[in-house]
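First comes the structure, then the notes that go with it.
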Amino acid sequence: MNELIRELAEQASTHAEKTVHYYMGQFDGLTWEAKILKVRDLKFAELIVLECAGLCDKAAEENARTVYTFTETQEVGPALISKGSQFQAEKLSRQIKKHFGVEE
């Protein structure tokens, strides 16, 4: 298993342990143990989505720093492609978060 996946799983487990306080019996149809697992799994999924969106954000930042000028390239094409890639990466990041209902 990827080290990043292990780290995200640990973060999700820690979040669940800190968020769900112990109770006996059932609450909302879940035992305490089942509630811990549910909260952990939801947090794990959220963290994975944020990692994916973060890759898009990183690509957008890198593309934003790429500057092409008319004199460097002798054409306008690469400048338009670079800017388009930045916007596409930003759009993809927003779409991933929206698709999975994750907000930062």
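What number comes out for the charge environment of Lys18, summing +1 per Lys or Arg and -1 per Asp or Glu over other residues with Cβ under 14 Å away?
Net of charged neighbours comes to +1.
Taking other Cβ within 10 Å of each residue's Cβ, how do His21, His15 sort, fewest first?
His21, His15
Past 27 Å, Cα to Cα: identify those pairs from Lys18/Lys91; Lys35/Lys98; Lys38/Lys97, in the order given.
Over 27 Å apart, Cα to Cα: Lys18/Lys91.
Laboratory data are not the source of any read-out in this text; all were calculated from the coordinates shown. Remember, it's a predicted structure, so these values are computed and weren't measured experimentally. FYI the Cβ positions are ideal-geometry reconstructions off the backbone, even for glycines, and counts take in every protein chain you see.
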